[in-house]
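Beneath this line is the structure, given in structure tokens, with notes to follow.
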Amino acid sequence: MMETLVSVVIPALNEEKNIGRCLESIAFLEKPEGRRLQIEVIVVDNGSKDRTREIAKLYKAKTLVFPGAPISALRNYGAALSRGEVIAFIDADCLAEKQWITAALQRLDSEEISAVGYPHKLPPDASWVAKTWHFYLSRNDSIFTDYIPSGNFIVKRSDFEEIKGFNEELKVSEDTDICYRLRKNNHKIFADSRVGAVHLGYPKSLTCFFKKELWHGRETFRIFLASGLKMQNLKVVAYSLFYVAAIFGILASPF
């Protein structure tokens, strides 16, 4: 029987309200048939002042502390200290759906697929802002894609290490960047709707949403200028500009 070790890496900062629910969703994942599955869970704490680490330890997660680092470095740190041949990244404010790992492994069994995931799904109590944003960005199919968010990103270790993981110079858009570099190295990315993660952290109001995306776009453009206008980072900026256009679409939306 095939045996697979999957390392689940969860960056966290002051997530006491969500980390327990995230870890519980991982504990109750569906087990694949005809395959022995082991899962190690690693929480990389960014210096929380609340009970995040305490709760993580209650769920038997390996808990690391890396204060003050950007999220890309948190993900890399967890990956470097993990053992799995597959590394699954999920955010602390996300809930993995039952088939999350099973469906991902089915896709990654294909030699041509390096990474799999899916855009975040909405919780039942999502605000109209989140629903409108999700309407603009969501898809209902399973296809090869250029991009998967790093908060629901599952990748073969060999390919992750080949491109040296996430770019730690980036405070934002590290997911756009890693997907670009995977594709540049002739690795394919697949979006599978069964590899679902429900995001609890969508902004509740238009003001919160606008502030978040404005900060995101400003940071992305600052990094582009600081990098000497590198073409690789230009692609990250272009993606952020798409987000800005989507924001104005939401403002004009009848929803």
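The values are calculated or read from the model by the stated rules, or taken from the named source; none is laboratory data. Remember, predicted model here, so these are calculated numbers, not experimental data. Every residue, glycine as well, gets a Cβ built from its backbone with ideal geometry; the counts of neighbours run over all protein chains shown. Keep in mind that these areas ignore ligands, DNA and RNA; they rest on the heavy atoms of the full protein, side chains included. Shrake-Rupley method; radii C 1.70, N 1.55, O 1.52, S 1.80 Å.
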Worksheet item: Do we have any residue at all in the stretch 195-209 that's modelled with pLDDT of 85 or more, part of a loop (DSSP other than H, G, I, E, B), in contact with a Ser or Thr (Cβ under 7 Å, 6 or more places away or on another chain) and not β-branched (V, I, T)?
Response: no
Practice prompt. Just one of (1) at pLDDT 95 or above; (2) closer than 18 Å to F153 by Cβ trips up H120, so point out which.
Written response: (1)
Discussion item. With the structure loaded, tell me whether R36 is of a type in the set (K, R), over 20 Å from G165 (Cβ atoms) and under 20 Å from the mean Cα position of the chain (by Cα) or whether it fails that test.
Written reply: no
Item to complete: Given the conditions (1) in contact with a His (Cβ under 6 Å, 6 or more places away or on another chain); (2) open to solvent by less than 30 Å² (accessible area, probe 1.4 Å); (3) of a type outside the set (S, T, Y), report the number of the one that A103 does not fulfil.
Response: (1)
Worksheet item: Is there a residue in the stretch 138-157 that is more than 18 Å from the chain's Cα centre (by Cα), open to solvent by 40 Å² or more (accessible area, probe 1.4 Å) and modelled with pLDDT under 90?
Response: yes
Item to complete: Those residues that are in contact with a helix residue (DSSP H, G or I) (Cβ under 9 Å, 6 or more places away or on another chain) and not in a strand (DSSP E or B), I need them from the stretch 148-161; list them, please.
Response: I148, P149, S150, G151, R157, D159, F160, E161
Discussion item. I'd like the residue in the stretch 14-37 that is open to solvent by 60 Å² or more (accessible area, probe 1.4 Å) and in contact with an Asp or Glu (Cβ under 7 Å, 6 or more places away or on another chain) and, out of all such residues, is modelled with the lowest pLDDT.
Written reply: R36
